[in-house]
Amino acid sequence: MIKTDIIIIGAGPVGLFTVFEAGLMKLRCHLIDAIPQPGGQLAEIYPKKPIYDIPGYPTVLAGELVDNLMEQAAPFKPGFTLGERADSIEKQEDETFIVTTSKGTQHHAPVVMIAGGLGSFEPRKPLIDNIIDFEEKGVYYIVKDPDQFEGKDMVISGGGDSALDWAIYFAEKGSFVHLVHRSDRFRAHKDSVSRAYELAAAGKMEIHAFAEVKELNGENSLSSIEIHTKEEKKIISTDLWFPLFGLSPKLGPIGEWGLEIDKNAIVVDTFDYQTNRPGVFAIGDVNTYPGKLKLILCGFHEATLAVQTAYKIINPDKKFTLKYTTVQGVQGFEDEQTKETVNS
Amino acid sequence: MSADINITVVDREGTEHEFTVPTDMNLNLMEVCKGFELPVEGTCGGMAMCASCQVYVISDEHFGERNDDEEAMLDEAYFVQENSRLGCQIPITPELEGLKVALAPQAP
């Protein structure tokens, strides 16, 4: 069990800045995020896009902002549970919470801050009736542990970076790769696209443009797929298909946590951004209130106010006096957070 | 001085909604739909990165031209048809007087 003061769900910009503001008040944070790297949609969807409305930065790339926020949070040694989705929340008798992830990792804290943005990113799944029968039995939406697939022949669908990068990776490792894409334009980086065509010319890859996987066949696991092009239908024998169509956000299990929801967002009180469940806060794009704007800068403000009430919940007998960072500087934590303690 | 235009949006139940929209407010079709409380999410905020604002352009003459980002997104989206466009990539201009679109089904 991971113990901390504040469990932050979502390691996007607002979640990361919460670590800093909480740290100034000597509160420890642990972040949980469904995607394997911090940064949320800034890192996942638009790392190379410039942002122009961060105060003090006339322009900053989304990816750079994430790097800066990580650096700013670093003195407060946040913990991370990445690549796992926060699935359930249980209130304990002592009013603290246990948050459990999709992989069963448990986190224990008196305060939960949901900075979940648009929700957790889930792979876009193709609309094929029996696809569910083959999930993890030849059909994989995410390439985990690539070693086990190296050298095997496979089909990869998609036109983005993920599809192209993996197609190139496996073709270079000795696999024969069928790359199936709905058009002949690839969203992926130009260098990747030219590399893919080189590998195709070298006989290590076949690029099927204007094609889509339409049918899956197999007894207990995948044995062949049918692709449809404008002119024809083709059967490809394969026991591996990676449909890599990117990720789309879903509010997901948080929607079932007994929180008041309005149009896919969590309703909060603007006094401290607490939800209808005391001790559970929602900040950033995931919340809603009269006048809400989905802006990073508003999320920063919300995080700052939310940790004030968090402090009072965690330290009911203490009074915190705001001190400017110009006066007291930033005093980080010297030791790492208690990673594991006995489950009491 | 630009005038307002009239557009029609057919929702997912087949109901037609007629709106009068200003052309001088730098709006796009996704924002108009959201503004009139139609069930359009516009998740990515208009960066052509989620396809939640996909529409089918019914009045052919208003199809316009897809841009590169839009094409790339539509290559990976659901329920794409010949006349699919992303609402967020359609700026509201005087030329769109009489525009008629239907909302594409919600992605699963």
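So for the pair residue A:324, residue B:82, with labels modelled 7 Å out along Cα→Cβ, what separation do we get in nm?
A separation of 6.6 nm, rounded to one decimal place.
State, as an integer percentage, the relative contact order of chain B based on alpha-carbon contacts under 8 Å between residues 6 or more apart.
38
For residue A:281, enumerate residues with amide H under 5 Å from its amide H, sequence gap 5+ or separate chain, H modeled in the peptide plane.
A:112, A:113, A:114, A:275
For region A:1-154, I need the span (max minus min coordinate) of the C-alpha atoms along each principal axis, in Å, sorted largest to smallest.
53, 48, 28
What residues from region A:9-38 fall in the zone where the backbone N is under 15 Å from a label point 7 Å along the Cα-to-C-beta line of residue A:67?
Label zone hits: A:38.
Summing Lys, Arg as +1 and Asp, Glu as -1, what charge do residues with Cβ under 14 Å from the Cβ of residue A:282 carry, residue A:282 excluded?
Numbers: positive: A:263, A:277, A:292, A:294; negative: A:260, A:262, A:269, A:272, A:285, A:302.
For residues surrounding residue A:282, the net value is -2.
Nearest 0.05, what FRET efficiency do residue A:144 and residue B:15 give at R0 = 56 Å with Cβ-Cβ as r? Before the final figure, lay out the partial values.
Details: r = 44 Å, r/R0 = 0.79.
With a Förster radius of 56 Å, E is 0.80.
Around residue A:122, which amide H atoms from residues at least 5 apart in sequence, or from another chain, sit under 5 Å from its own amide H, with H modelled in the peptide plane?
Correct list: A:248, A:250.
Pairs of alpha-carbon atoms within less than 8 angstrom and 6+ residues apart define the contacts here; what relative contact order does chain A have, in percent? Mind dumping the intermediate values first?
Numbers: 711 pairs, mean separation 72.0, N = 344.
For chain A, the relative contact order is 21 percent.
Can you figure out the FRET efficiency of residue A:264 with residue A:336, using R₀ = 45 Å and their beta-carbon distance, to the nearest 0.05?
Between residue A:264 and residue A:336 the formula returns 0.80.
Cross-link candidates for residue A:318: which lysines have Cα within less than 25 Å, leaving aside residues fewer than 8 places away along the same chain?
Those lysines meeting the cut-off are A:3, A:26, A:77, A:91.
Please compute the length gained on full extension between residue A:214 and residue A:133, using 0.36 nm multiplied by the number of residues separating them and subtracting their Cα-Cα distance.
27.7 nm
Would you mind telling me which residue in A:328, A:308, A:41 has the biggest mean-square fluctuation in a Gaussian network model of chain A, where springs connect alpha carbons within a distance under 10 angstrom?
With Cα springs under 10 Å in chain A, the top fluctuation among A:328, A:308, A:41 is at A:328.
For region A:116-187, taking Cα atoms only, what is the radius of gyration to one decimal and the Dmax to the nearest whole Å?
Using the Cα atoms of region A:116-187, the pair Rg, Dmax is 13.4, 40 Å.
How would you order A:195-205, A:224-234 from highest to lowest mean count of nearby Cβ atoms within 10 Å?
Values: A:195-205: 15.9, A:224-234: 14.0.
The most tightly packed comes first, giving A:195-205, A:224-234.
Per the Kirkwood treatment, what hydrodynamic radius in Å, one decimal, follows for chain B from the mean inverse distance over all distinct Cα pairs?
Values: mean 1/r = 0.0733 Å⁻¹.
Kirkwood hydrodynamic radius for chain B: 13.6 Å.
Placing +1 on the Cβ of each Lys and Arg and -1 on the Cβ of each Asp and Glu in region A:125-243, which of A:154, A:222, A:134 has its Cα farthest towards the positive end of the resulting dipole?
In region A:125-243, that residue is A:154.
What is the set of long-range amide H partners of residue B:100 at a cut-off below 5 Å, with H atoms built 1.01 Å from backbone N?
Amide H to amide H, under 5 Å and 5 or more residues apart or across chains, residue B:100 pairs with B:8, B:58, B:59.
With runs of 4+ DSSP H residues as the only contributors, calculate the mean residue ellipticity of the protein assembly as shown at 222 nm using -39,500 (n - 2.57) per run, divided by the residue total and rounded to the nearest 500.
Working: 10 runs with 96 residues, N = 452.
About -6000 deg cm²/dmol.
³J(HN,Hα) across region B:33-47 via Karplus (A = 6.51, B = -1.76, C = 1.60, θ = phi - 60°), whole Hz, x for Gly/Pro?
4, 5, x, 8, 6, 7, x, 10, 7, x, 3, 7, x, x, 9
For region A:176-189, what does the Karplus curve 6.51 cos²θ - 1.76 cosθ + 1.60, with θ = phi - 60°, yield as ³J(HN,Hα) per residue in whole Hz, taken in order and with x for Gly and Pro?
In residue order, the calculated couplings are 9, 10, 8, 9, 10, 9, 5, 9, 10, 9, 10, 6, 4, 3 Hz.
Looking only at A:321, A:100, A:304, which one moves most when chain A is put into a Gaussian network model with springs between Cα atoms under 10 Å?
Looking only at A:321, A:100, A:304, the biggest GNM fluctuation is shown by A:321.
For region A:125-243, what ratio Rg/Rh do Cα atoms give with a Kirkwood hydrodynamic radius? Could the numbers behind the result be given before it?
On the way: Rg = 13.2 Å, Rh = 14.1 Å.
Checking Rg against Rh, the ratio lands at 0.93.
Please turn the phi angles of region A:223-238 into ³J(HN,Hα) values with the Karplus equation 6.51 cos²θ - 1.76 cosθ + 1.60 (θ = phi - 60°), one per residue in order, whole Hz, x for glycine and proline.
10, 7, 10, 10, 10, 10, 10, 4, 9, 8, 10, 10, 9, 10, 6, 6
I want to check the label-to-label distance for residue B:60 and residue A:292. Put each point 7 Å from Cα in the C-beta direction and report it in nm to one decimal.
So the two model labels end up 4.3 nm from each other.
At 24 Å minimum axial length over the Cα atoms and a Kyte-Doolittle cut of 0.0, report the qualifying DSSP H helices in chain A, or say none. Please list the in-between numbers first.
On the way: long enough: A:296-314 (26 Å, 0.99).
Helix filter hits for chain A: A:296-314.
Once label points are set 7 Å from the Cα along Cα→Cβ at both residue A:161 and residue A:103, what is their separation, rounded to one decimal in nm?
2.2
Given region A:288-328, what whole percent of its Cα pairs are spread farther than 17 Å?
When every Cα pair of region A:288-328 is considered, 48 percent fall beyond 17 Å.
Before anything else, pin down the relative contact order of region A:125-243: Cα pairs under 8 Å, at least 6 apart, normalised by residue count, whole percent.
Values: 228 pairs, mean separation 36.4, N = 119.
About 31 percent, as a whole number.
How big is D for chain A, in µm² s⁻¹ as a whole number, if Stokes-Einstein is applied with the Kirkwood radius of its Cα pairs at 20 °C and 1.002 mPa s? Mind showing how you got there, number by number?
On the way: Rh = 22.1 Å.
In µm²/s, the coefficient is 97.
FYI, it's all coordinate maths here, none of it is from the lab. This is a predicted model, so every value here is computed, not measured. Here Cβ is always computed from backbone atoms with ideal geometry, including for glycine, and neighbour counts include all displayed protein chains.
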